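What follows is a set of notes on a single structure, which appears directly below.
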Amino acid sequence: MKAAVILLADTDRPEGTGRLANALTTAREFQEHGDEIAVIFDGAGVKWIPELAGSDHKYHRLFEEVRGAVAGACVYCSRAYGVKDAVEEAGVPFLDEFRGHPSIRSLIASGHQVISF
């Protein structure tokens, strides 16, 4: 099975934290079953990367558990939300396959089921 988890949730509300937790937990479930999984931070979701990189964050450990599945973060959105340097420092690659954004079409074309949070 092939899936892509796309995190779009912002960091500014508890609801976004819940979506983050669900996205990372979903990625871990796919990993544990040996499935092909890609985690993508897009839109306001790119703001989570600097937070998750801190070892004191509640979901840092879960983030590290799925880090190998993190395909990257939208370069356009990383710039727009002012976190480009922090994303780079966290070691998360930038995605810019379609006009500065990740290509969702290429994921679907390669057989990934796309799940957004």
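The values are calculated or read from the model by the stated rules, or taken from the named source; none is laboratory data. This structure is a prediction, so every number in the text was calculated from the model and none was measured. FYI the Cβ positions are ideal-geometry reconstructions off the backbone, even for glycines, and counts take in every protein chain you see. Just the protein is used for accessible areas: all its heavy atoms, side chains included, with ligands, DNA and RNA removed. Shrake-Rupley method; radii C 1.70, N 1.55, O 1.52, S 1.80 Å.
When the accessible area of the chain is computed with all protein chains present and a 1.4 Å probe, what percentage of it is carbon and sulfur? If you can, show how the numbers build up before the last one.
Values: 2990 of 6180 Å².
Result for the chain: 48 percent of the exposed heavy-atom area is carbon or sulfur.
Starting from segment 51-100, pick out the chymotrypsin sites (Phe, Trp or Tyr not before Pro) whose DSSP state is loop and whose Cβ has at most 15 other Cβ atoms within 10 Å. Taking segment 51-100 and a limit of 15 other Cβ atoms within 10 Å, no loop chymotrypsin sites (Phe, Trp or Tyr not before Pro) are found.
Looking at the chain, send over the antiparallel percent of its DSSP beta bridges, to the nearest 5. Don't jump to the answer; show the numbers that get you there.
Working: 1 of 16 bridges.
Beta bridges within the chain, antiparallel portion: roughly 5 percent.
The Cβ shell under 14 Å around LEU24 holds other residues with a net charge of 0, Lys and Arg each +1, Asp and Glu each -1. Note the listed values [x] 16.4; [y] 14.4; [z] 13.9, then indicate which one is Kirkwood radius over Cα pairs in Å calculated from this particular structure. Evaluating Kirkwood radius over Cα pairs in Å on these atoms matches [z].
Could you please report the charge total around ILE37, scoring K, R as +1 and D, E as -1 over all other residues with beta-carbon less than 14 angstrom from its beta-carbon? Could you put the intermediate results ahead of the total?
Values: positive: LYS2, ARG28, ARG67; negative: GLU29, GLU32, ASP35, GLU36, GLU65.
Summing Lys and Arg as +1 and Asp and Glu as -1 gives -2.
Which is the longest run of the chain containing none of the trypsin sites (Lys or Arg not before Pro) found in DSSP loop states (not H, G, I, E, B) with at most 16 other C-beta atoms within 10 Å?
That gives 1-57 as the longest site-free run.
What the chain shows is 53 Å² of accessible area per residue, with the surface traced by a 1.4 Å probe over protein heavy atoms.
Only helical runs count toward this figure. For the chain, summing -39,500 (n - 2.57) over DSSP H runs of n ≥ 4 and dividing by all residues gives -11500 deg cm²/dmol at 222 nm.
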